[in-house]
1. Among what's in segment 197-219 and is assigned to a strand (DSSP E or B) and touching a Leu at 6+ places or on another chain (Cβ under 7 Å), pick the residue that is nearest to Pro303 (Cα to Cα).
2. Just need a number here: residues in segment 173-188 that are open to solvent by 20 Å² or more (accessible area, probe 1.4 Å) and closer than 26 Å to Lys370 by Cβ.
3. If a residue must be in a loop (DSSP other than H, G, I, E, B) and of a type in the set (Lys, Arg), how many such residues does segment 220-246 contain?
4. Does Gly176 fit the bill of being touching a strand residue (DSSP E or B) at 6+ places or on another chain (Cβ under 8 Å), modelled with pLDDT of 95 or more and not charged (D, E, K, R)?
5. Just to verify a result, which residue in segment 1-48, among those that are hydrophobic (A, V, I, L, M, F, W, C) and surrounded by fewer than 18 Cβ atoms within 10 Å (Cβ to Cβ), is nearest to Ile105 (Cα to Cα)?
6. Does segment 349-361 contain at least one residue that is of a type outside the set (Gly, Ala, Ser), under 30 Å from Lys228 (Cα atoms) and open to solvent by less than 40 Å² (accessible area, probe 1.4 Å)?
7. Asp104 - would you say it is within 19 Å of Lys22 (Cα to Cα) and more than 18 Å from the chain's Cα centre (by Cα)?
8. Being open to solvent by 20 Å² or more (accessible area, probe 1.4 Å) and either assigned to a helix (DSSP H, G or I) or over 16 Å from Leu203 (Cβ atoms) (or both) is the filter here, so list the residues in segment 263-279 that pass it.
Amino acid sequence: MKALILSVSAGGGHSHAAEAMKVYLKQNNPNSEIKVVDTLKFINPIIDKVVIGSYLQTIKATPSLFGKLYNHSESDSGLATISAKINEIMSFRLFPFVQKYNPDIIVCTHPFPAEMMSIIKSKNKTTIPVITILTDYAVHNFWLHPFTDAYVVSSSDMTADMILRDVDKKQIYELGIPVNPSFIHQYDKNDTLNDLGLSLNKLTILVMGGSLGMGKISNIYEQLSNVKEDIQIIVITGSNKKLYAELQNLKKSNSKETRIIGFTQQVNKYMQACDLLLTKPGGLTIAEALICAIPIGVFSPIPGVEEHNAQFLIKHNLAVNLTDIKNCSSIIQDLISSREKLQTIKNNCSSFSKPTAGPDICKLMNLLIKNNKNVIDKTRC
């Protein structure tokens, strides 16, 4: 198989899903040729810097503005038209590369390349099958485009929503978000806690805010000091050095045993070693947590998509809502004081997890390649 995976580095989730698929494809067929492309950076590094820089700055400085734009774009055809025009211009740069690389199949893990490929296919310039992997637990029109051969989603809720948006049910596959295979591997909880010098007998809470260390993590950490139970805490700050320094200072006055960890490739181990995860509800983080069967407390969702992710989790009793930071210590206390309630959420997480998403998407890719080859062969006859 020769595959092209198109992503965009807006946050970590889209890129992580792309890299995970590369690993699964190599496992499925070591002779496969797979290229992962950061689409905007490839087309024009300056455009990438402006677009991604503006995106990150907006969600950090004025997240409510981002939420308004996200929600408004669902019903405002003007915004969709502007996006389509920009992506059409960028597709002219992408097409020669696609033509030269000539993959058997293309996978998109971000709406921008998904729309670019739709535009390219609409001009009858290629018949290469295109799969779009939605990397959240809610649907937005920006993901949905004509000439997409298959959509990979994470739940029946998303399927129902997409059908209402006139997507053919035959194009929708509830296979889940691909995560790094390390999350499938089982790690020994005791070994992980021993390595950190933490107790094997205390309830352990993990706090994180994605790879960028975003959200009100410091406030959450301070609230945890008010939890009556003798808990211990692990906080992952990602690439946020300012947050790391701030927490190291707060740790001095917090009575709870705490480990502060910066950017790490071992999130999988920490999730499996903990009893509760407090996090910003990014799509990849949710997928990873469900596979690790760790109950979730959600805080600081990015307005728009992450709010919808949080609603999905709460609707299906996979998480508790910690958006009201002032009351989160009492909510956490109520949850962990009932081991039965905690276990119920843990069981629900297991039932909603998609640990075979990567291999299942590989099978779908092979199927689409085979179907496309048969169509080409018939056309030639």
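1. That would be Val207.
2. Residues in segment 173-188 being open to solvent by 20 Å² or more (accessible area, probe 1.4 Å) and closer than 26 Å to Lys370 by Cβ: 4 in total.
3. So the first thing to find is which residues in segment 220-246 are in a loop (DSSP other than H, G, I, E, B), and the list is 225-231, 237-240.
With the extra rule that they be of a type in the set (Lys, Arg), the set shrinks to 228.
Of the residues in that region, 1 qualify.
4. So Gly176 fits the description; yes.
5. Met1
6. Yes: one or more hits.
7. Judged against the criteria, Asp104 is a match.
8. Of everything in segment 263-279, those that are open to solvent by 20 Å² or more (accessible area, probe 1.4 Å) and either assigned to a helix (DSSP H, G or I) or over 16 Å from Leu203 (Cβ atoms) (or both) turn out to be Phe263, Thr264, Gln265, Gln266, Val267, Lys269, Tyr270, Gln272.
The values are calculated or read from the model by the stated rules, or taken from the named source; none is laboratory data. Just so it is clear, the structure is predicted and the values come from calculations on it, not from any experiment. So basically every Cβ, Gly included, is an ideal-geometry build from the backbone, and we count neighbours across all protein chains shown. Just the protein is used for accessible areas: all its heavy atoms, side chains included, with ligands, DNA and RNA removed. Shrake-Rupley method; radii C 1.70, N 1.55, O 1.52, S 1.80 Å.
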